[in-house]
Amino acid sequence: MSTAHYFDGRSARLHLVELATDDGSIHLTGTTSRSYSMASTRLAEPFRHAPAVLYFADGSHAEMQDPAMLAQLAAALGYRKPWVVRWQEHTAAALTALVLLVLLIASGWYWGIPAAAEHLASRVPPSADRALGENALALMQRQGLLKPSRLSDDRIAALEAILQRVQPASPRIGLRLRVQAAPQLGPNALAFPDGTIVLTDEMVRLVMGKDNDFDARAAAALAGVLAHEVGHIQQRHSARTLTRSSLTAALSATLFGDFSAVAAGLPAVLSNMAYSREMELAADDYAARTLRARDIPLAPLADLFDHLEEQDDKLPAFLRQTISYGSSHPDAGERSARLRDADGAASR
């Protein structure tokens with residue numbers, strides 16, 4: 001006989017009872033009296049220093065602290081530890097399980113999520129691309145990031161002609177160019193999943209230089225910029241980023257739960273930064289192939305990256321290194337070197 005706390009499953013009232021076994025039954029006597037068949041009673045997995053818990057068929061349960069009674073009940077109920085419990089009680093087995101778990105998570109992280117993201121992205125309908133692009137563009141306009149271009153109509157027409165030259169004969173989705181002033185974005189170009197490419201006045205002026213010269217070299221550099229953005233759209237980088245971000249966030253939440261928003265979100269952020277760098281390089285490669293196919297030199301685009309790199313060189317070295325850790329874009333110097341290598345390999 002042992003003292004136990006009994007809860008009837010219908011109220012929070014605690015009943016102090018004496019628990020005893022006899023003839024295949026469990027008897028409770030005290031502030032309430034009950035008898036239950038052992039055949040319909042379940043012993044919860046015992047934990048060291050925690051009360052043993054008995055669950056009865058009517059939804060009630062009893063908790064008891066007496067280790068001797070626990071051993072007696074376990075024997076009477078035929079309780080046998082699950083293999084997971086027996087395994088975790090052995091250090092070598094527990095360490096082996098831990099290593100296997102880490103390998104499983106790492107495999108899912110590096111191979112499983114990218115493969116699943118590619119599969120899911122291929123099933124995202126074109127209507128989703130259009131909705132994403134239109135909403136993103138409308139948001140930027142509401143935020144006042146995009147303003148009417150101050151370039152002349154002739155200059156904008158020339159830029160549209162460049163896009164016509166570098167776009168594929170049958171693009172995956174209709175492409176259109178919007179030239180906008182965007183002081184907050186600076187020299188930039190953006191690709192939206194609905195086929196819209198935004199090219200900022202600031203980027204055009206950077207390429208033309210102080211002399212405001214829209215010569216063949218400036219046209220080639222802008223052709224490279226636009227081909228790069230076309231590469232993002234053709235390869236559906238937005239849909240792939242969205243699916244991968246969702247899967248990574250789901251895995252992070254599964255691993256970390258709501259332990260910490262930062263802990264759960266950081267893996268997703270780091271993973272997506274690396275993924276974004278891969279996409280930037282893939283778009284560079286697409287641009288290089290397009291420019292070569294149209295007999296447009298790659299050097300002006302490489303020079304543009306070098307110019308951007310020179311601007312970064314004005315920052316202190318420690319600050320440049322810090323920024324590189326948090327950047328979602330590859331280093332501009334690395335991108336120009338890849339273009340020059342590709343140009344050299346093609347000319348050999």
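Against the longest alpha carbon principal axis of the chain, how many degrees, from 0 to 90 and to the nearest 10, is the axis of helix 126-142 turned? Helix 126-142 sits at roughly 70 degrees to that axis.
If you stretched the chain out fully between Asp66 and Gln88, how much longer would it get, using 0.36 nm times the residue separation minus the C-alpha to C-alpha distance? Intermediate values should be presented prior to the final figure.
Values: separation 22, 0.36 × 22 = 7.92 nm, distance 2.37 nm.
Gain on extension, Asp66 to Gln88, equals 5.6 nm.
At 1.4 Å probe size, with the rest of the protein present, what percent of the exposed accessible area of the chain is carbon and sulfur atoms? Heavy-atom surface of the chain belonging to carbon and sulfur, 1.4 Å probe: 58 percent. Reported to the nearest whole Å, the Cα centre-to-centre distance from the range 202-219 to the range 47-118 is 67.
Arg13 to Glu45: FRET efficiency via 1/(1 + (r/R0)^6), r the Cβ-Cβ distance, R0 22 Å, to the nearest 0.05?
Working: r = 26 Å, r/R0 = 1.17.
The formula returns an efficiency of 0.30 here.
Efficiency by 1/(1 + (r/R0)^6): what FRET value for Asn135 and Asp23, r their Cβ-Cβ distance, R0 = 56 Å, to the nearest 0.05? If you can, show how the numbers build up before the last one.
On the way: r = 71 Å, r/R0 = 1.27.
That gives a FRET efficiency of 0.20.
Which whole-number percent gives the relative contact order of the chain, counting Cα pairs below 8 Å spaced six or more residues apart? Each step should come with its number before you reach the end.
Values: 432 pairs, mean separation 36.2, N = 348.
Once normalised by length, the contact order is 10 percent.
In terms of packing, defined here as the mean over residues of other Cβ atoms within 10 angstrom, the peptides 11-19, 298-306 line up highest first as 298-306, 11-19. For Arg277, the accessible surface of its heavy atoms amounts to roughly 70 Å² (probe 1.4 Å, protein chains only, rounded to the nearest 10). Subtracting the Cα-Cα distance of Thr31 and Ala293 from their residue separation scaled by 0.36 nm leaves 85.3 nm.
The values are calculated or read from the model by the stated rules, or taken from the named source; none is laboratory data. Model, not experiment: these values are computed from the prediction. Neighbour counts are summed over all protein chains in view; Cβ atoms, including those assigned to glycine, are modelled from backbone coordinates with ideal geometry. These accessible areas exclude ligands, DNA and RNA; they are computed on the full protein's heavy atoms, side chains included. Shrake-Rupley method; radii C 1.70, N 1.55, O 1.52, S 1.80 Å.
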